[in-house]
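Reading through the structure tokens given below for one structure.
The values are calculated or read from the model by the stated rules, or taken from the named source; none is laboratory data. Worth saying up front: this structure is predicted, and the values here are computed from it rather than measured. Here the Cβ positions follow ideal geometry from the backbone for every residue, glycine too, while neighbour counts run over all protein chains shown. Remember, those area values only see protein heavy atoms, side chains included, never the ligands or the DNA or RNA. Shrake-Rupley method; radii C 1.70, N 1.55, O 1.52, S 1.80 Å.
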Amino acid sequence: MSYKNELFALCEGLNCQYRENEPLKAHTTFKIGGNAAVMVFINSEECLTQLIRFMNEKNVRYFVLGKGSNILADDSGFEGVILRMGRDFSHIELTGDTDIYCSAGASLSEVCKTALDNSLTGLEFAYGIPGTAGGGLYMNAGAYGGELKDVIKTAGYISHNGEIKEINAADMALDYRTSIFAQKKDMIITHMVFSLKKGDKTEIKAKMDELMEKRRSKQPLEYPSAGSTFKRPAGSYASLLIEQCGLKGLTVGGAQVSEKHSGFVINKGGASFRDVMELTGKVHDIVLEKTGFSLELEPIILK
Ligand SMILES: Cc1cc2nc3c(=O)[nH]c(=O)nc-3n(C[C@H](O)[C@H](O)[C@H](O)COP(=O)(O)OP(=O)(O)OC[C@H]3O[C@@H](n4cnc5c(N)ncnc54)[C@H](O)[C@@H]3O)c2cc1C
């Protein structure tokens, strides 16, 4: 591919690591996916901005990957550039009395720990969601009655023409597992600020521990997955419908509807993209036939 040499030179100039033919299964919690032609490990806003400008100029396909915890990647991989946000781009800082700033690659759980360390309440629900802050905001991640919509104040993003902009919470179109970032797909989140409240450290810790224990006891965390496989349909719960239809344990190849939590499809070992698609297709059809609910996949398909 003609763009590669220029891209690699740009990365070297920005001191930003890259790899060719990088297996996506090593970067998704489902442990599924073929190779990405190139993966670049983002280390700063400057690096991200320059790369987005380059990709747009050269018309190179790219995909922004957080922790890969809501991704189902195709077995044939991705013929383009994966911009991996993570450890190298994970600054977290208390700003003002009750605000926390973080880079998009910061782990959501680490942001929760910073809130705890500073006796700030509001983010307890997010402790244990295994993604980055950027991926969380894109998905409006939520759990146990809370969602990022409740605590986000502002975010910074790079627009499709490479400009750096700020956006307020009210303009983010945050709703159940969606946001303006998910709808427009060309706004790359660089950082964000959460607005929290002063609280009691012991109570905050107790809540975080209680919710983490719920996750450990109810979710099949011992297997690779992308968390809840289907979105919650209006008027019911995907896991309830799947259980009512007797689909716990249903298996295709290495993919299985978890016996422990019917809302999760797990990778029992060697599951492929095709296995998961076939299994979730079956679940969809049986649930539709028996209950009238049409379940929609929650993970983002990367192909
Ligand atoms: C065991 C388990 C439990 C889970 N529990 C929950 C839960 O309780 N609640 C919940 O909501 N989710 C849950 N999830 C799903 C997942 O963790 C969340 O959706 C998480 O917010 C995804 O973050 P990520 O960094 O992994 O994003 P990824 O999965 O890497 O990406 C998700 C989407 O966000 C986009 N994206 C990522 N970063 C950026 C950025 N900086 N700018 C623009 N777009 C970006 C990607 O392009 C992609 O479209 C769970 C997953 C697992 C495996």
(request) Give the residue from C245, N15, I129 lying farthest towards the positive end of the charge dipole for the chain; charges sit on Cβ (+1 for Lys and Arg, -1 for Asp and Glu) and the dipole is referred to the Cα centre. (result) C245
(request) Report the relative contact order of the chain, percent, no decimals, based on alpha-carbon pairs under 8 angstrom and at least 6 residues apart. (result) 16
(message) I need the phi-derived Karplus couplings for region 170-181: 6.51 cos²θ - 1.76 cosθ + 1.60, θ = phi - 60°, integer Hz, Gly and Pro marked x.
(response) 4, 9, 8, 6, 6, 8, 3, 6, 8, 6, 4, 5
(request) Please give the direction-averaged projected area of the C-alpha convex hull for the chain, in square nanometres with one decimal. (result) 15.5
(request) Excluding residues fewer than 8 places away in the same chain, name every one of the lysines whose C-alpha is closer than 19 Å to that of K197. (result) K113, K149, K153, K205, K207
(request) Counting only heavy atoms of the protein chains, get the accessible area per residue of the chain (1.4 Å probe) and round it to a whole Å² value. (result) 46
(message) Let me check I've understood the local charge: for A169, count other residues with C-beta under 13 angstrom from its C-beta, Lys and Arg +1, Asp and Glu -1. What total comes out?
(response) -4
(request) Return the tail of the calculated pair distribution for region 205-303, meaning the percent of Cα-Cα pairs more than 18 Å apart. (result) 45
(message) If you average the alpha carbon positions of region 1-70 and of region 176-210, how far apart do those two centres end up, in angstrom?
(response) 25
(request) Could you work out the Rg to Rh ratio of region 90-208, with Rh taken as the Kirkwood radius (inverse of the mean 1/r over all Cα pairs)? (result) 0.96
(request) First select every other residue whose beta carbon is under 14 angstrom from the beta carbon of S272; then total the charges, Lys and Arg +1, Asp and Glu -1. (result) +1
(request) Roll a 1.4 angstrom probe over the protein heavy atoms and tell me the percent of accessible area of the chain that is carbon or sulfur. (result) 47
(message) Based on C-alpha coordinates, I'd like the Rg and Dmax of region 27-117, in Å.
(response) 15.2, 48
(request) Select from region 29-68 those trypsin sites (Lys or Arg not before Pro) which occupy a DSSP coil region and have at most 14 other Cβ atoms within 10 Å, ordered by residue number. (result) R61
(message) Let me check I've understood the local charge: for V40, count other residues with C-beta under 12 angstrom from its C-beta, Lys and Arg +1, Asp and Glu -1. What total comes out?
(response) -1
